[in-house]
């Protein structure tokens, strides 16, 4: 396909080196891999990679031809920008600056941020105000580094629609802030898909392809590990809307198959997702 299609790092075998991971992705036909910097110690440690470690990744990119254009930075679940704890708030800004510097060194263009003011703390008007204040600081750093920040539509009511993101975008008023929707998360909250993408199409940096179970009066929904085609996403309508709104950006298949018992089992899981999604993408004229 001409359109860039990538795979989430957590869909690939966890034990692989980056050269092996990019090679694995290339063998499956992907153009890029989205790196994860989550709240675990091991992945947060990437923010302190040495120059040599960073150079090794750049060399792997050039050797394989498979890019790493995006980082999924969910470390802010642990260190949220809106935290009531000044220590955690300071850490959120420190990790944000480090992630921007890492992106610069690796040639990453977009850092996806989790759309939470806080995750493990109680939300309040104060946590939102703090989130906005610190997001503005982060955007200043992003502008200086020429690295885009993009807020994910989340499994949390704080920013669970593109419409809510657009309100934040107006408040921040930065040319380096975008939105990174997730087909499953947008669908799970019963958003009007046409309105969401029609109003927000100029602000979209990239798009996650994922299925979910919907939020209902009796269920909190399920936002990961839902097999494609078994959740609430109306895929034909979703791709038709993306076609009508002229979305030209990349697709990222978001899966969590890194802990499969064998590499072949992981490969089969990814291939199953491709076999489901690619015919629909082609039918909609999005390839």
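Summary of computed values
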| item | result |
| --- | --- |
| Candidate set from the stretch 135-174 (those that are touching a strand residue (DSSP E or B) at 6+ places or on another chain (Cβ under 7 Å) and closer than 20 Å to residue 210 by Cβ); member that is surrounded by the most Cβ atoms within 10 Å (Cβ to Cβ) | 153 |
| Unique residue being within 19 Å of the chain's Cα centre (by Cα) and either touching a residue at least 60 places away in the same chain (Cβ under 8 Å) or assigned to a helix (DSSP H, G or I) (or both) when the list is 87, 108 | 108 |
| Residue, farthest from residue 36 (Cα to Cα), within the stretch 111-133, restricted to residues that are within 20 Å of the chain's Cα centre (by Cα) and assigned to a helix (DSSP H, G or I) | 132 |
| Residue match in the stretch 255-269 (condition: part of a loop (DSSP other than H, G, I, E, B) and closer than 20 Å to residue 180 by Cβ) | yes |
| Test: residue in the stretch 223-233 that is in contact (Cβ under 8 Å) with a residue 12 or more places away in the chain and not in a loop (DSSP other than H, G, I, E, B) | no |
| Selected residue (criterion: farthest from residue 252 (Cα to Cα)) from residues of the stretch 17-56 that are in contact with a helix residue (DSSP H, G or I) (Cβ under 7 Å, 6 or more places away or on another chain) and in contact (Cβ under 8 Å) with a residue 60 or more places away in the chain | 37 |
| Condition check for residue 260: touching a helix residue (DSSP H, G or I) at 6+ places or on another chain (Cβ under 9 Å) and at pLDDT below 95 | yes |
| Some residue of the stretch 190-200 being touching a helix residue (DSSP H, G or I) at 6+ places or on another chain (Cβ under 8 Å), buried (at least 19 other Cβ atoms within 10 Å of the Cβ) and not in a helix (DSSP H, G or I) | yes |
| The one condition in (1) closer than 19 Å to residue 223 by Cβ; (2) touching a helix residue (DSSP H, G or I) at 6+ places or on another chain (Cβ under 6 Å) that residue 160 fails to fulfil | (2) |
| Identity of the residue in the stretch 6-31, within 27 Å of residue 285 (Cα to Cα) and surrounded by fewer than 21 Cβ atoms within 10 Å (Cβ to Cβ), that ends up farthest from the chain's Cα centre (by Cα) | 27 |
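The values are calculated or read from the model by the stated rules, or taken from the named source; none is laboratory data. Keep in mind that this is a model prediction, so the values were computed, not measured. Counting neighbours? That spans all protein chains shown, and the Cβs are built from the backbone with ideal geometry, glycine included.
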